[in-house]
Structures are given as C-alpha cells and as structure tokens.
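Reviewing the structure listed below.
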Amino acid sequence: MADDMDIAQAINEQHLEDALAAHRRKTSEALKTSEVCEDCKEPIPAARLAAMPGCTRCIDCQTTFERRHP
C-alpha cells in the first residue's frame, strides 16, 4: 500500500507533467505565429526562421536586443 510520501510524489509528478505539457503547447503555438519581428513588426526572413526556429526577432532587432541585454 502506498504511503503518504508515494502519494505526494505521484501528485507532484502529475503537476510537473501538466506544466510541461502546457509549456509545450504554448511554445508550439508561438512557433506557428512568430513570423513577424516582435520589435519592428516587419516579417522575419524565411531563411532566419529556418535557421533559428522559434526566433521572435529579425537579425537587426536581435542584435540590438543582445547589445542592450548582455
């Protein structure tokens, strides 16, 4: 018979699995819709999207962002 620690561990594992699944869904949706730079609102070139799936900024805006946030 499972003791309290086993039950607590099972609940914790379920919470972690649920959180991970939610994160994956959110990331998947973001990857589908991130074709426009979040800073300048211009289309992100297809070559950049192919090279960096999930990127949210064009190269110029990403460079500027990285200089401001080292």
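No value in this document is a laboratory result; all are computed from the given coordinates. All values derive from a computational prediction rather than experimental measurement. Because the Cβ atoms are built from the backbone with ideal geometry, glycine has one as well, and the counts that use them run over all protein chains shown.
What list of ³J(HN,Hα) values in whole Hz, one per residue of the range 41-54 in order, does the Karplus curve 6.51 cos²θ - 1.76 cosθ + 1.60 (θ = phi - 60°) give from phi, with Gly and Pro shown as x?
For the range 41-54, the Karplus-derived couplings read 6, 8, x, 7, x, 4, 4, 5, 4, 5, 6, 10, x, x Hz, x marking Gly and Pro.
Let me test this: with uniform point scatterers at the alpha carbons of the chain, what is the Debye-based log₁₀ I(q)/I(0) at q = 0.11, 0.17, 0.22 1/Å?
-0.46, -0.70, -0.92
Relative to the longest principal axis of the chain, what angle (0 to 90°, nearest 10) does the C-alpha long axis of helix 59-68 take?
70 degrees
Output the peptides 48-56, 9-17 sorted from most to least packed, where packing is the average of other Cβ atoms within 10 Å over each peptide's residues.
On the way: 48-56: 13.0, 9-17: 10.3.
Top to bottom by mean Cβ count within 10 Å: 48-56, 9-17.
What does the charge count around R68 come to, taking other residues whose C-beta lies under 15 Å from its C-beta (Lys +1, Arg +1, Asp -1, Glu -1)?
On the way: positive: R57, R67; negative: E38, D39, D60, E66.
Neighbour charge sum, excluding R68 itself: -2.
Specify the angular offset, from 0 to 90 degrees and rounded to the nearest 10, of the alpha carbon long axis of helix 4-33 from the longest principal axis of the alpha carbons in the chain.
Its long axis makes an angle of about 20 degrees.
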